[in-house]
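Comments concern the structure below.
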Amino acid sequence: MPIKLAVPNKGRLNERSLEMLKRAGLEIENGGDRLLFASVKNGNFSVLFLRAQDIVRFVQTGAVDAGITGWDLVLENGNGVELVREMGFGKCRLSVAVPESSGINSLEDIADGSRVATSFPNMTKQFFESIGKKVEIAVISGAAEVMPRMGVADFITDLVSSGSTLKSNNLRELAVISDSQAVLIASKNLHSEKMKELEELANALESVEIAEHKKYLMADVPVAVLDEVRTFLPGIDGPTVMNIAGRDDVVAIHVVIDKSQIYNTVNKLKKLGASGILIVPIDRMVP
């Protein structure tokens with residue numbers, strides 16, 4: 001039986017999840033945000049497209065074997081699931097935010113009985129209980145940032161990424177309840193053989209994440225400056241150096257470098273007389 005893997009059907013996690021799965025080597029066919037199911041040409045997987053907030057529940061009940069969703073949703077509803085790996089994207093945080101005009105400058109300033117609007121009642125309740133505050137929770141679905149202005153709540157807890165939405169609604173971030181990002185989760189009752197295959201997928205996804213921060217650089221370098229090139233191009237185990245047919249004065253170097261080093265590295269190579277500089281992306285890099 002193939003592993004049933006749930007992927008968000010839309011939103012901030014959908015495209016990135018599919019991109020990483022494809023770069024990991026899964027050939028997903030007939031996928032799209034309007035479809036429930038996609039076939040996988042290779043690998044023992046079938047992909048289902050579900051709402052991100054439903055994926056935790058489907059994994060809990062065993063309706064699907066595993067899924068990609070937000071860690072915030074796991075913390076809110078996640079009993080009965082196992083974290084397989086963090087995905088490294090979709091990073092945000094669940095925060096307490098108050099109106100700029102509220103006069104609240106710390107958690108201690110929040111009065112007992114204050115009303116908080118949130119889509120995360122469980123995490124919000126646990127957080128305020130942990131700091132000894134008694135608040136009234138108004139459960140809403142979306143658009144939490146407008147609730148104080150509408151008089152529905154005194155403040156909110158909501159997911160924050162850049163913070164621009166809070167600022168545009170005259171809100172100030174007061175405290176972070178939890179950090180979040182996309183995660184790969186599995187049922188705690190998943191068969192050992194399926195878990196083994198899922199862990200192999202997790203390793204493949206890790207290799208994709210590592211590769212995203214790297215580039216593969218190739219260049220023809222004069223032999224006379226090779227030692228100097230080695231001082232700023234160590235690569236993983238030093239650059240690979242290869243002879244060029246019919247040339248004794250030039251060698252070809254191949255090296256994996258960080259994306260952040262590309263600009264300065266190319267300039268240094270050009271100044272040393274390097275030519276034929278080629279930079280290509282890497283799909284996967286297995287540690």
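The values are calculated or read from the model by the stated rules, or taken from the named source; none is laboratory data. Computed from a prediction, not measured in an experiment: that's the story for all the values here. Counting neighbours? That spans all protein chains shown, and the Cβs are built from the backbone with ideal geometry, glycine included. Remember, those area values only see protein heavy atoms, side chains included, never the ligands or the DNA or RNA. Shrake-Rupley method; radii C 1.70, N 1.55, O 1.52, S 1.80 Å.
From the list Ala144, Ala153, Ala182, Ala219, which one is small (Gly, Ala, Ser) and modelled with pLDDT under 95?
Ala144
Being touching a residue at least 40 places away in the same chain (Cβ under 8 Å) and of a type in the set (Asp, Glu) is the filter here, so list the residues in the range 188-207 that pass it.
If the condition is that a residue be touching a residue at least 40 places away in the same chain (Cβ under 8 Å) and of a type in the set (Asp, Glu), then Glu197, Glu199, Glu206 are the ones that fit.
Mind checking which residues of the range 91-121 are of a type in the set (S, T, N, Q), outside any loop (DSSP other than H, G, I, E, B) and either surrounded by fewer than 22 Cβ atoms within 10 Å (Cβ to Cβ) or outside the structural domain of Met147 (by TED's automatic domain parsing) (or both)?
Matches in the range 91-121: Ser95, Ser101, Ser102.
Please state which of the following conditions Glu76 fails to meet, knowing it meets all the rest: (1) open to solvent by 30 Å² or more (accessible area, probe 1.4 Å); (2) within 19 Å of the chain's Cα centre (by Cα); (3) among the charged types (D, E, K, R).
(1)
May I ask you to verify whether Thr124 is hydroxyl-bearing (Ser, Thr, Tyr) and not in a strand (DSSP E or B)?
So Thr124 fits the description; yes.
Considering only residues that are part of a helix (DSSP H, G or I) and either open to solvent by less than 70 Å² (accessible area, probe 1.4 Å) or basic (Lys, Arg) (or both), look in the range 137-155 and name the one that is farthest from Phe89 (Cα to Cα).
Across the range 137-155, the extreme among qualifying residues is Arg149.
Rundown of residues vs (1) open to solvent by less than 50 Å² (accessible area, probe 1.4 Å); (2) of a type outside the set (D, E, K, R); (3) modelled with pLDDT of 95 or more; (4) in a loop (DSSP other than H, G, I, E, B), yes/no style:
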{"position": "Thr157", "(1), (2), (3), (4)": "yes, yes, yes, no"}
{"position": "Thr165", "(1), (2), (3), (4)": "no, yes, no, no"}
{"position": "Ala175", "(1), (2), (3), (4)": "yes, yes, yes, no"}
{"position": "Ala186", "(1), (2), (3), (4)": "yes, yes, yes, no"}
{"position": "Leu190", "(1), (2), (3), (4)": "yes, yes, no, yes"}
